[in-house]
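Colleague: To start, I am sharing the structure in question, which I have written as structure tokens.
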Amino acid sequence: MAMPRTAGAKRIFSGVKPTGHLTLGNYLGAMRRWAREDQHRADALFCVVDLHALTVEHDPARVRRLTRQAATLLLAAGLDPELCTVFVQSHVEEHARLSYLMECTASDGEMRRMIQYKEKAAAEQARGGSVRLSLLTYPALMAADILAYGTHEVPVGEDQAQHLELTRDLAVRFNQRYGATFVVPKTTHPQVAARVMDLQDPTSKMGKSHGRTAGIVYLLDEPEVVRKKVMRAVTDAGSDVVHDREERPGVANLLDVLAACTEGDPVALAGEYDSYGALKKDTAEAVLEVLRPVRERHAELAAAPEYVDSVLREGAERARGMARPRVDAAYRAVGLLPKE
Ligand code: AMP
Ligand code: TRP
């Protein structure tokens, strides 16, 4: 049986939060590349980061369901447990252990500067809710996720750039203070569709966890629903098809999605259309074509939950073995007395 690459290989780590149903943004911005490229060219780990889902108000049963669903979708999207390691964050204690050391490395000010924190905290307050402390410390846990594995590269969508910058800063600072312990990771983004926008509000990201769903294509939406969402996408004033993210964000987003789904170039594709209607129709069909195999494979895997569980169990065991020596070394480096 082929085993994931280990010692000496380049290491890749990335994750997805089970805070809602996964979207076309997750797929085009991250998962598709993990399956097509990353798992083949490195020793790669992909994680359902369930602890991160507890940073906002959550329903325990829903988080549990979404965690299994996200893991199933990662496999349905083509992650192969014989090539890479797929697991659930809370199954590997090393993440939380290292997160504490990252909290002791980061400053309060740099955490408060995180755009996602500011936006989510403001939204929570506007709803009259309270902001969990873990929402503020989230980037420390994310840095721990990455640094525990000696990760060289982190393939993510553009929205994660600031968190990754902070991760690099923390790695450098820790190494300077306590001696070389962590690899300083690089971030990679896809060339097209690094930021898929909401079809109803093309100036904000297509995010899985907000309430208005008409502009969000979920990977498990029925084909008719996908078609409707794309055909009803908000377009811009004017009628000629040009790729201009500033002036025509709605049309640019459709062109980006179409390009990502058909391996085309969004600017060149603009020249092939003279009406919004035709662009939407082709985009809807292209999205359906890309999602069809994922949906089909998901249906097969969802019928075999014990298989998915066994993949996660083996993945966690492998991940634990990879993370423990480095996290133990970090504990010693900061001055904690070794257990034995
Ligand atoms: P999250 O859904 O926030 O857990 O994100 C999981 C991965 O999907 C991360 O690499 C994100 O950067 C990526 N991602 C999420 N939403 C989008 C989007 N709308 N466009 C591109 N990438 C995205
Ligand atoms: N913060 C990421 C997101 O919201 C999810 C995440 C958590 C992650 N830990 C990670 C991504 C480590 C890459 C690497 O999308």
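Read the figures in this text as sums done on the coordinates, not as results from a lab. Keep in mind the model is a prediction, meaning the values are calculated, not measured. Positions of Cβ are backbone-derived with ideal geometry, glycine not excepted, and every protein chain shown enters the neighbour counts.
Colleague: So if we plug the beta-carbon distance of residue 82 and residue 212 into 1/(1 + (r/R0)^6) with R0 = 30 Å, what FRET efficiency do we get, rounded to 0.05? Could the numbers behind the result be given before it?
Modeller: Working: r = 40 Å, r/R0 = 1.33.
Here the calculated transfer efficiency is 0.15.
Colleague: Here's something else I'd like to know. Kindly provide the Kirkwood hydrodynamic radius of the range 223-299 in Å, to one decimal, from all pairs of distinct alpha carbon atoms. Please report the intermediate quantities before stating the final value.
Modeller: Working: mean 1/r = 0.0790 Å⁻¹.
Its Kirkwood hydrodynamic radius stands at 12.7 Å.
Colleague: Just want the ordering: 163, 52, 91, 40, from fewest to most Cβ atoms lying within 10 Å of their own Cβ.
Modeller: By the 10 Å Cβ count, ascending, the order reads 40, 91, 163, 52.
Colleague: Rounded to the nearest 5, what is the percent of antiparallel bridges among the DSSP beta bridges in the chain? Walk me through the numbers on the way to the answer.
Modeller: Numbers: 2 of 16 bridges.
Antiparallel bridges: around 10 percent, rounded to the nearest 5.
Colleague: Could you work out the helix-only [θ] at 222 nm for the chain, with each DSSP H run of four or more residues adding -39,500 (n - 2.57) and the total divided by the number of residues, to the nearest 500 deg cm²/dmol?
Modeller: Details: 11 runs with 161 residues, N = 340.
The per-residue figure over the chain is -15500 deg cm²/dmol.
Colleague: Quick one: which residues, 5+ away or cross-chain, put their amide H under 5 Å from the amide H of residue 205? H built at 1.01 Å from N.
Modeller: 198
Colleague: Let me make sure I get this right: for the chain, a, b and c are the square roots of the gyration tensor eigenvalues over alpha carbons, sorted descending. Under 1.5 in a/c it's rounded, otherwise prolate if a/b > b/c, else oblate. Which is it? Kindly include the intermediate steps, with their values, before the conclusion.
Modeller: Details: a/c = 1.85, a/b = 1.55, b/c = 1.20.
It is prolate, given that a/c is not under 1.5 and a/b is the larger ratio.
Colleague: Set the Förster radius R0 to 30 Å, insert the Cβ-Cβ distance between residue 118 and residue 186 as r into 1/(1 + (r/R0)^6), and round the FRET efficiency to 0.05. Each step should come with its number before you reach the end.
Modeller: Numbers: r = 26 Å, r/R0 = 0.85.
With R0 = 30 Å, the Cβ-Cβ based efficiency is 0.70.
Colleague: Still on this structure, I have one more. Once each part is reduced to its C-alpha centroid, what is the distance from the range 72-103 to the range 171-219 in angstrom?
Modeller: 17 Å
Colleague: Give, in nm to one decimal, the length gained when the segment between residue 108 and residue 289 is fully stretched (0.36 nm per residue of separation minus the Cα-Cα distance). List each step's numbers first, then the result.
Modeller: On the way: separation 181, 0.36 × 181 = 65.16 nm, distance 4.59 nm.
Between residue 108 and residue 289, full extension yields 60.6 nm more.
Colleague: Taking the Cα centre of the chain as origin, work out the dipole magnitude from +1 charges on Lys and Arg Cβ and -1 charges on Asp and Glu Cβ, in debye rounded to 20. Walk me through the numbers before you get to the answer.
Modeller: Numbers: 45 positive and 47 negative charges, 201 e Å.
That gives the chain a dipole magnitude of about 960 debye.
Colleague: Working from Cα positions, state the angle (0 to 90°, nearest 10) between the long axis of helix 249-262 and the longest principal axis of the chain.
Modeller: 80 degrees
Colleague: Sum up the lysine pairs in the chain that clear both bars: alpha-carbon distance under 28 Å and a spacing of 8 or more or different chains.
Modeller: For the chain, the number of qualifying lysine pairs is 29.
Colleague: Counting only residues 5 or more places away or on other chains, whose amide H sits under 5 Å from the amide H of residue 45 once H atoms are built in the peptide plane?
Modeller: Here the answer is 12, 13, 14, 85, since their amide H atoms fall under 5 Å of that of residue 45.
Colleague: How far apart, in nm, are two points set 7 Å out from the Cα along the Cα-to-Cβ line at residue 9 and at residue 176?
Modeller: 3.4 nm
Colleague: I've got another one for you. Between residue 127 and residue 310, how high is the FRET efficiency from 1/(1 + (r/R0)^6) when r is the Cβ-Cβ distance and R₀ = 41 Å? Nearest 0.05.
Modeller: Working: r = 40 Å, r/R0 = 0.97.
About 0.55, to the nearest 0.05.
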